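Engineer: Could you have a look at this structure, given as structure tokens, before my questions?
No value in this document is a laboratory result; all are computed from the given coordinates. What you see is a predicted model, and the numbers here were worked out from it, not measured in a lab. Positions of Cβ are generated from backbone atoms using ideal geometry, with glycine treated the same way; all protein chains shown enter the neighbour counts.
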Amino acid sequence: MPNCEASRKLIFKIAVPVPLDRLFDYLAPTGCHPAGLQPGIRILVPFGKRTQVGVLLAIEDSSAVDSERLKQAIEILDEKPLLSERDLRLLHWASRYYHHPLGEVLAAAFPVALRQGRPALLQRQRFFGLTPQGLQTLPEQLRRSIKQQALLALLQAAGSAIPSAALIEHKPALKALLEKGLVIEQESAPATRYVASTALPANPEQQVAIDAVVANLGRFAVSLLEGVTGSGKTEVYMQVIAKVLEQGKQVLVLLPEISLTPQLEQRFQQRFAVNMVSTHSKLTDKQRLQAWLSMQQGQAAIMLGTRSALFTPLKRPGLIILDEEHDASFKQQEGFRFSARDVAITRAKGLGIPVLLGSATPSLESMANGSQGRYQLLHLPNRAGNASAPSFQLLDIRNKRMQAGLSEPLLAEIQTTLAKNQQALIFLNRRGYAPVQICHGCGWVSRCRRCDANLVIHAAERLLRCHHCGSEQPLPKQCPACKTGELQALGLGTERIEQTLEALFPDKVIVRLDRDTTQRKGSLETYLEQIHEGRADIILGTQMLAKGHHFPAVTLVAILDIDSGLFSIDYHGSERLAQLIVQVAGRAGRADQPGKVILQTRHPQHPLLDTLLSQGYRAFAQTALDERCQAGLPPFSHQALLRVQAGKAEVPQQFLQAVCQMIVELNPGKVQVLGPVTAPMARRAGLFRFQLLLQSPQRKELHHLLDRLLPAIYALKESKKVRWSLDVDPLDLY
Ligand code: ADP
Ligand code: ZN
Ligand code: ZN
């Protein structure tokens with residue numbers, strides 16, 4: 001804490017993490033000398049009955065509040081700001097662009113521990129290097145242990161001490177080598193020292209991509225790496241990262257899913273002997289704080305993380321990579337609703353560094369930005385190494401005999417695949433046993449009492465559960481309505497398919513991957529390992545399977561139900577479905593064996609399927625963009641969605657009517673006002689939901705309206721009686 005002296009006349013302007021769009025005035029804490037206090041330091045303040053960790057933004061000598069009513073701040077928590085001026089500017093921008101209160105936006109930039117006011121203390125890193133004896137020992141001499149040999153070889157190749165964070169994989173071997181006196185703990189090692197273990201010789205397309213991004217280092221540019229699944233995008237990332245590390249700079253790598261981090265972490269660890277950190281929601285607050293601080297203070301060179309890692313301060317920023325840039329998880333769907341991709345680009349612009357976006361199925365926005373020249377387009381059209389592209393088959397299941405969602409021709413294909421000792425992957429985007437329970441006697445259905453939705457049967461847990469609000473009840477044994485009718489499970493979920501497959505293939509190992517089977521910490525990793533080691537014959541699962549995993553022995557991929565995706569009411573539906581098909585298909589035949597993809601459908605002539613399968617994702621994207629252009633939909637227009645909910649249906653309606661009235665008074669120009677309408681799910685968790693969509697061909701006009709509208713909404717008396725939120729550039733209209 002700074003050395004402080006009393007100074008009570010100055011007013012601290014502080015952003016507090018509360019949903020109010022203004023700063024708060026405080027008097028300096030007792031004994032504080034404001035000279036030298038910089039904007040961006042955390043400061044503890046009283047707020048209502050509680051205390052809050054705010055961020056000091058300015059010190060002025062006047063306040064609109066009466067001086068008697070001003071409260072005194074409690075304590076200054078940082079000597080120096082943890083966020084740089086450029087990062088503060090970015091957060092200000094994000095607050096304005098997303099029309100979200102600055103205090104909450106600033107809080108989002110900090111890890112939980114700092115939000116709670118913990119000290120920003122970076123623990124000392126431990127480093128390990130070789131003793132003279134270790135330098136002279138040949139790895140082969142460690143006859144008993146391959147793991148110890150590998151670690152010794154790694155340290156010898158590194159030529160300098162390695163931080164413990166980079167040795168997590170090697171913990172037992174490290175202990176053994178320490179005991180043998182081959183390794184010793186050392187003072188420190190530079191964070192940027194790196195070894196390229198086995199960079200693969202890049203193929204010509206990869207080389208073009210690598211050279212293009214490397215040429216951008218040191219200045220702002222956005223590159224979109226469109227590479228089919230298995231084309232070696234990760235290899236491109238790694239070779240570019242190597243160059244950034246050589247320049248002594250840091251790299252931030254963002255992934256859509258926690259489940260993808262271990263895989264990438266491992267590949268990076270084998271390649272780079274630098275201090276690398278990860279951050280995601282499965283780590284403890286303490287671990288996340290350390291990861292954050294080690295980037296902020298420059299001790300770590302690479303950070304891998306999910307969406308929230310985006311705001312991590314970088315001491316020596318070099319490059320931001322977003323893998324699977326199309327993935328909707330990059331958009332935060334609650335609270336501060338931001339797009340990690342779009343903010344990453346603005347951040348990189350401010351920092352003067354390049355952004356590399358990668359995907360096999362880039363979002364339509366990014367495709368449009370690419371073809372309009374705003375992004376540099378890089379293309380990897382072929383699979384790397386020996387792998388070839390999978391072949392597609394549309395399986396028309398109309399009038400076909402089915403066994404719990406599996407058609408006979410598909411079952412035959414599974415049989416053939418298993419007979420060759422290869423793995424089959426089966427995708428169904430619905431977890432649980434069946435999406436609804438119904439009474440054959442009276443027609444009763446398992447509805448959620450609090451939502452406009454059905455309760456899903458979870459057979460193993462003997463529960464009915466709502467996937468929207470989480471309510472649960474025991475699975476009824478008799479019909480709650482007529483007490484006599486027979487209860488039936490209607491429709492299919494992964495749990496049910498698993499049961500059917502177990503009955504059909506009793507001697508085969510079936511692994512089910514969905515949110516229910518991977519709840520427990522480490523269980524996903526265990527399953528993935530099992531699949532990789534060939535101890536699984538059929539892999540069955542949801543969304544999770546669509547994301548970046550590498551399953552070399554899978555040669556057959558089946559997507560059971562694509563029809564429900566063909567008729568989505570949200571205009572994003574077809575984009576999502578095309579991405580899903582290509583991504584799931586991409587799990588097939590990634591190694592030497594060719595892969596086959598079977599899509600069960602009752603609409604084999606559907607134009608989306610036709611374009612996608614006969615001409616590929618690019619052609620699909622072009623068609624879809626043409627359609628969006630004609631309909632005046634994003635990216636050819638810009639949207640903001642105002643969502644409102646309350647316990648009584650009239651309240652949100654009155655609120656939105658008042659908002660509409662204000663919009664008319666503000667003269668919205670070219671901004672179209674669509675609604676108010678009930679939300680597609682009109683009731684959720686007991687609340688009635690309504691929404692209002694604003695759309696404009698010009699982003700500027702939309703934001704000009706929002707700039708004037710938001711303060712008026714905050715001031716509206718109806719706004720106190722509802723829960724409302726604004727979603728700028730919404731990704732789904734639910
Ligand atoms: P993507 O990230 O595009 O899905 P990966 O980088 O995971 O692709 O590469 C897929 C497979 O191809 C990996 O096993 C990888 O080691 C291999 N690979 C990548 N680049 C090359 C290359 N230049 N030569 C040989 N194999 C490669
Ligand atoms: Zn009944
Ligand atoms: Zn519910």
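Engineer: Can you give me the C-alpha center-to-center distance between segment 99-135 and segment 502-551, rounded to a whole angstrom?
Structural biologist: If we compute the Cα centre of each part, the gap is 33 Å.
Engineer: A further question on this structure: For segment 127-186, compute Rh as the Kirkwood radius over C-alpha pairs and then the Stokes-Einstein diffusion coefficient at 4 °C and 1.567 mPa s; write the answer in µm²/s, rounded to an integer.
Structural biologist: Estimated diffusion coefficient is 118 µm²/s.
Engineer: Further, regarding this structure: Under 5 Å between amide H atoms, partner at least 5 residues away or on a different chain: which partners does Phe128 have, H built in plane at 1.01 Å?
Structural biologist: For Phe128, whose amide H was placed from the backbone, the distant partners under 5 Å are Ile162, Ser164, Gln186.
Engineer: Moving to a separate point now. Count the net charge of all other residues whose Cβ sits under 9 Å from the Cβ of Gly432, scoring Lys and Arg as +1 and Asp and Glu as -1. Can you show the working numbers first?
Structural biologist: Working: positive: Arg430, Arg431, Arg465, Arg496; negative: Glu495, Asp514, Asp516.
Here the charged neighbours net out to +1.
Engineer: How much FRET efficiency would the formula 1/(1 + (r/R0)^6) give for Glu472 and Asp452, where r is the Cβ-Cβ distance and R0 is 22 Å, rounded to 0.05?
Structural biologist: Result of the calculation: an efficiency of 0.80.
Engineer: Then there is this: Taking H as built 1.01 Å from N, whose amide H comes closer than 5 Å to the amide H of Ile74, not counting residues under 5 places away?
Structural biologist: Leu44, Val45
Engineer: Output ³J(HN,Hα) for segment 702-710: one whole-Hz value per residue in order, computed from phi by the Karplus curve 6.51 cos²θ - 1.76 cosθ + 1.60 with θ = phi - 60°, and x for Gly and Pro.
Structural biologist: 4, 6, 4, 5, 4, 4, 8, 6, 4
Engineer: Which Cα, out of Leu310, Ala658, Ile569, lies furthest along the positive dipole direction of the chain (beta carbon charges, K/R +1, D/E -1)?
Structural biologist: Ala658
Engineer: Counting DSSP beta bridges in segment 204-380, what percent are antiparallel, to the nearest 5?
Structural biologist: Percentage antiparallel, nearest 5: 5.
Engineer: Nothing charged except the Cβ atoms of Lys and Arg (+1) and of Asp and Glu (-1): what's the magnitude of the dipole of segment 11-112 about its Cα centre? Round to the nearest 20 debye.
Structural biologist: In debye, rounded to 20, segment 11-112 gives about 240.
Engineer: What does the charge count around Val557 come to, taking other residues whose C-beta lies under 9 Å from its C-beta (Lys +1, Arg +1, Asp -1, Glu -1)? Walk me through the intermediate numbers first.
Structural biologist: Values: positive: Arg587, Lys596; negative: none.
Surrounding charge for Val557 is +2.
Engineer: Could you rank the peptides 10-22, 429-441 by their average count of other C-beta atoms within 10 Å per residue, with the highest value first?
Structural biologist: Descending packing order for the listed peptides: 429-441, 10-22.
Engineer: Okay, moving on. Would you work out which of Leu245, Leu151, Thr229 lies farthest towards the positive end of the dipole of the chain? Charges go on Cβ: Lys and Arg +1, Asp and Glu -1.
Structural biologist: With unit charges placed on the Cβ atoms, the residue in question is Leu151.
Engineer: Convex hull over the Cα atoms of segment 204-380, averaged projected area in nm²?
Structural biologist: Average projection, Cα convex hull of segment 204-380: 9.5 nm².
Engineer: In whole Hz, with x marking every Gly and Pro, tabulate ³J(HN,Hα) for segment 596-603 from phi via Karplus 6.51 cos²θ - 1.76 cosθ + 1.60, θ = phi - 60°.
Structural biologist: 10, 10, 10, 10, 7, 8, 9, 10
Engineer: Just add up the charged neighbours of Lys13: K/R +1, D/E -1, any other residue whose Cβ is under 12 Å from the Cβ of Lys13.
Structural biologist: Taking every other residue near Lys13 into account, the sum is -2.
Engineer: So, one more: Can you tell me what share of the DSSP beta bridges in segment 1-87 is antiparallel? A percent to the nearest 5 is fine.
Structural biologist: Details: 17 of 19 bridges.
Approximately 90 percent, going by the DSSP bridge assignments.
Engineer: Please express the Cα-Cα pair-distance distribution P(r) of segment 638-728 as a list of whole percents, one per 10 Å bin, running from 0 to the bin with the greatest distance.
Structural biologist: So the P(r) values, bin by bin, are 18, 53, 26, 4.
Engineer: Label Arg515 and Gln488 with points 7 Å out from Cα along Cα→Cβ: what is the distance between them in nm?
Structural biologist: Result for the modelled spin labels: 2.8 nm.
Engineer: Taking every pair of alpha-carbon atoms in segment 373-498, what share in percent sits in each 5 Å bin, from 0 to the bin with the longest distance?
Structural biologist: 2, 9, 13, 15, 13, 10, 10, 9, 8, 5, 3, 2, 1, 0
Engineer: Nearest 20 debye, what's the magnitude of the dipole of the chain about its Cα centre given +1 on Lys and Arg Cβ and -1 on Asp and Glu Cβ? Display every interim value, and only then the final one.
Structural biologist: Values: 84 positive and 66 negative charges, 264 e Å.
Dipole size: approximately 1260 debye.
Engineer: Through the Karplus equation 6.51 cos²θ - 1.76 cosθ + 1.60, θ set to phi - 60°, convert the phi angles of segment 491-501 into ³J(HN,Hα) values in whole Hz; use x for Gly and Pro.
Structural biologist: Result, ordered by residue: x, 10, x, 4, 4, 5, 4, 4, 4, 4, 5 Hz.
Engineer: To continue, here is another question. Can you give me the C-alpha center-to-center distance between segment 599-659 and segment 303-351, rounded to a whole angstrom?
Structural biologist: Taking the Cα centre of each part, segment 599-659 and segment 303-351 sit 24 Å apart.
Engineer: Could you check the simple spin-label distance between Ala58 and Lys180, using points 7 Å along Cα→Cβ, in nm with one decimal?
Structural biologist: Between Ala58 and Lys180, the simple spin-label model gives 6.4 nm.
Engineer: Calculated FRET efficiency, Ala682 and Ala715, Cβ-Cβ r, R0 25 Å, to nearest 0.05?
Structural biologist: Plugging the Cβ-Cβ distance into 1/(1 + (r/R0)^6) gives 0.35.
Engineer: Given a Förster radius of 25 Å and the C-beta distance between Phe220 and Lys80 as r, what FRET efficiency does 1/(1 + (r/R0)^6) yield to the nearest 0.05? Present the calculation step by step, with values, prior to reporting the outcome.
Structural biologist: Values: r = 27 Å, r/R0 = 1.07.
Efficiency, rounded to the nearest 0.05: 0.40.
Engineer: In terms of modelled amide H atoms, which long-range or inter-chain residues lie less than 5 Å from the amide H of His33?
Structural biologist: Result for His33 returns Cys4, Glu5.
Engineer: Taking a virtual spin label 7 Å from the Cα of Ala631 along the C-beta vector, which residues in segment 563-593 bring their backbone nitrogen under 13 Å of it?
Structural biologist: Taking a point 7 Å out along Cα→Cβ of Ala631, the residues of segment 563-593 whose backbone N falls under 13 Å are 566-577.
Engineer: Next question, about the same structure. From Cα coordinates alone, what are the radius of gyration and Dmax values for the chain in angstrom?
Structural biologist: Rg then Dmax for the chain, in Å: 28.0, 84.
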